[in-house]
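Asks: Sharing a structure, written as structure tokens. Questions coming.
Just so you know, all these numbers are worked out from the coordinates, no wet-lab data involved. It should be emphasised that the depicted structure is a prediction, and the values quoted were computed from it without experimental measurement. No Cβ is skipped: glycine too gets one built from the backbone with ideal geometry, and neighbour counts run over all protein chains shown.
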Amino acid sequence: MSSDNAPTAAGSTGEAPSTSGRAAARAPEPDGAFTGVWSTGATRTDDGALAVAGADLRAVAAEHGTPAYVVDEQDVRARSRAFATAFGEAFTTEAGLAGADVYYAGKAFLSVAVARWVHEEGLGIDASTAGELAVALRAGVPGEAIGLHGNNKSDDELRTAVDHGVGRIVVDSLPEVERVAAIAAEAGSVAQVMVRVTTGVHAGGHEFIATAHEDQKFGLSLAAGTARKAVDEILAADSLELVGLHSHIGSQILDLAGFEAAARAVLRLRAEIADATGHLMPEVDLGGGYGIRYTDEDALPPTPDQIAERLATVVRAACAELGPRPPRISIEPGRSVVGPAGLTLYTVGTVKDVALDGGATRAYVSVDGGMSDNIRPALYGAAYTAALANRRSAAPDVTARVVGKHCESGDIVVHDVALPGDVHAGDLLAVPATGAYGRSMASTYNLVPRPPVLAASDGSVRVIVRRETLEDVLGLDVG
Ligand SMILES: *Cc1c(COP(=O)(O)O)cnc(C)c1O
């Protein structure tokens, strides 16, 4: 697992639970909790259907079809605001610190509407490709509130960033230093850059590990000295301004100790560079990766207040010990802003009882989507849960596996969940916590068009990304 948003510790997502020994659990009911698996605006109607922000999912399915992603707009806004407020309040000058910025990591899910929501709530946007950059710019997010990441940015991507005055280009390799310098010089401008440092800290789930060397593609090594070399080259380039150091240690992290260790390592490097060169970088970015709950077996994630408080404490202590005044801090949450805000709504098709060793049976409940709209179970063994969305049922539970319609036996949406035994074709199923890395990692595998994204607010939904059609799919085929 080497993706930048892969849960980085083995088993951190709750690897496919086996049915032996433990009965599958029903999905928890929506309860409005910020740390629940459902968005804060999810409820049950009096007659037992699920609703998001007052929009009854039966009506949503009837009007827009399934599968569909439903995202709770006020929930995304509230999570954005919670991060902006928590970091704003924890990193004040009165607290001996120098302020903080929150950048939403757009790769979790980016559309023009979502970029506007998070920006209106005070967040910048992290982009990692021309596509993400284009969406942020179309949403009206100014260049100075955008960051550009990536281990293999194209010249076009770098030129677009320079032309739009992107506030921070996060340099990821030594050759990139020269390329950004040349592109900025050609444009007659000075590009603001950060250096992505690999500190040796990897985190995920409930633990972190620190190693001296990292066998992965991102960043410049602290231990091997390439981060330091990049800094020297940037300082020597007239068309580059070095604004800070950057660290991103992993994803779906529930224990904050890894962030603390990485923060100390990056702050130490900043102090050493200031001693050696006289250049004290004004900023340090501590990355994203805060975990969320996918099922109620996941540990409670830290709240934005708790994260801000812990990081502020570490930054204050490290700077006091090391000497230089504290930098402005930035963070880049993605999953924790949009993940819990979204669910996927499916219609049940085939239901099949499959005999297991030992005489038990498992109900295979097929839905009208699958690994094309949620690749995470197949890619990471990620665990989800699911609940009937169109009605309540008092039927005794069966152990179920929710599967898709694709031509792979690994096309699993939920490995193990208790569903009412009367679940049948035509029922609606909702899978919570799919707001991040669902639509953004969707494919058209088996030439299944990708589902729409519907924003729920004030009792109704509106389409923010329309459903892909067979005409869209056929339109690409010019053979
Ligand atoms: C993926 C990524 C993030 C966001 O990660 P989440 O786990 O979604 O919070 C932040 N920064 C960088 C550099 C990333 O690659």
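Asks: What nm distance separates the two modelled labels at residue 458 and residue 325, each placed 7 Å from Cα along Cα→Cβ?
Replies: Modelled inter-label distance: 4.5 nm.
Asks: Order these by the 10 Å Cβ neighbour count, fewest first: 272, 94. Intermediate values should be presented prior to the final figure.
Replies: On the way: 272 14, 94 6.
Ascending number of Cβ neighbours within 10 Å: 94, 272.
Asks: Report the extension gain between residue 235 and residue 47 in nm, rounded to one decimal, defined as 0.36 nm multiplied by the number of residues separating them, less their alpha carbon distance. The partial results should precede the final answer.
Replies: Details: separation 188, 0.36 × 188 = 67.68 nm, distance 6.52 nm.
Additional length available on full extension: 61.2 nm.
Asks: Follow-up. By count of other Cβ within 10 Å, fewest leading, how are 281, 441 ordered?
Replies: Numbers: 281 22, 441 19.
Ordered by Cβ neighbours within 10 Å, fewest first: 441, 281.
Asks: As a test of understanding, state the convex hull volume per residue of the range 74-338 from its alpha carbons, in Å³. Working shown, then result.
Replies: Numbers: hull volume 30.9 nm³, N = 265.
Per residue, the Cα convex hull of the range 74-338 comes to 117 Å³.
Asks: Rounded to the nearest Å, what's the spacing between the alpha carbon centres of the range 45-104 and the range 389-421? Just the number, please.
Replies: 27 Å
Asks: Further question: How long is the chain along each principal axis, judged by its Cα atoms, biggest number first, in Å?
Replies: Here the spans come out as 71, 51, 41 Å, largest first.
Asks: Non-local amide H neighbours of residue 398 (under 5 Å, H modeled in plane, Pro and chain starts lacking H): which ones?
Replies: 419, 421
Asks: Let me ask another. Take the Cβ-Cβ distance between residue 443 and residue 189 as r, set R0 to 30 Å, and report the resulting FRET efficiency rounded to the nearest 0.05.
Replies: Values: r = 38 Å, r/R0 = 1.25.
For residue 443 and residue 189, the calculated efficiency is 0.20.
Asks: For residue 92 and residue 276, what does the FRET efficiency come to when R0 = 30 Å and r is the distance between their Cβ atoms, rounded to the nearest 0.05?
Replies: Plugging the Cβ-Cβ distance into 1/(1 + (r/R0)^6) gives 0.50.
Asks: Sticking with this one: Using 0.36 nm per residue of separation minus the Cα-Cα distance, give me the extension gain between residue 217 and residue 179 in nm, one decimal. If you can, show how the numbers build up before the last one.
Replies: Numbers: separation 38, 0.36 × 38 = 13.68 nm, distance 1.83 nm.
Result: 11.8 nm gained on full extension.
Asks: If you plug each phi of the range 172-179 into the Karplus form 6.51 cos²θ - 1.76 cosθ + 1.60 with θ = phi - 60°, what whole-Hz ³J(HN,Hα) values come out, in order, with x for Gly and Pro?
Replies: Couplings: 10, 7, 5, x, 5, 4, 5, 5 Hz.
Asks: Under unit Cβ charges (Lys, Arg +1; Asp, Glu -1), what dipole magnitude, rounded to 20 debye, does the range 165-284 have relative to its Cα centre? Each step should come with its number before you reach the end.
Replies: Working: 9 positive and 16 negative charges, 21 e Å.
In total the dipole reaches around 100 debye.
Asks: Counting only DSSP beta bridges with both residues in the range 175-268, what percent are antiparallel, rounded to the nearest 5?
Replies: On the way: 4 of 14 bridges.
So the antiparallel bridges in the range 175-268 amount to around 30 percent.
Asks: Report the label-to-label distance for residue 138 and residue 116 in nanometres (one decimal), using points 7 Å from each Cα along the Cα→Cβ vector.
Replies: Calculated label separation equals 1.3 nm.
Asks: Of the DSSP beta bridges with both residues in the chain, give the percent that are antiparallel, rounding to the nearest 5.
Replies: Rounded to the nearest five, the antiparallel share is 50 percent.
Asks: Which chymotrypsin sites (Phe, Trp or Tyr not before Pro) does the range 31-121 hold that lie in a coil by DSSP with at most 15 other beta carbons within 10 Å?
Replies: Working: sites: 34, 38, 69, 83, 87, 91, 103, 104, 109, 117; in loops: 34, 38, 91, 109.
Answer by residue number: 34.
Asks: Let me spell out the model: positive unit charges on the Cβ of Lys and Arg, negative unit charges on the Cβ of Asp and Glu, origin at the Cα centre of the chain. What dipole size does that give, in debye rounded to 20? Let's see the in-between values first.
Replies: On the way: 39 positive and 62 negative charges, 72 e Å.
Dipole about the Cα centre, nearest 20: 340 debye.
Asks: Now a separate question. Rounded to the nearest 500, what is the chain's calculated 222 nm mean residue ellipticity when only DSSP H runs of at least 4 contribute -39500 (n - 2.57) each, over all residues?
Replies: Values: 12 runs with 132 residues, N = 479.
-8500 deg cm²/dmol, from helical runs alone.
Asks: Work out how much length residue 352 to residue 474 would gain on full extension: take 0.36 nm times their residue separation and subtract the Cα-Cα distance, in nm to one decimal. Can you show the working numbers first?
Replies: Working: separation 122, 0.36 × 122 = 43.92 nm, distance 3.26 nm.
Between residue 352 and residue 474, full extension yields 40.7 nm more.
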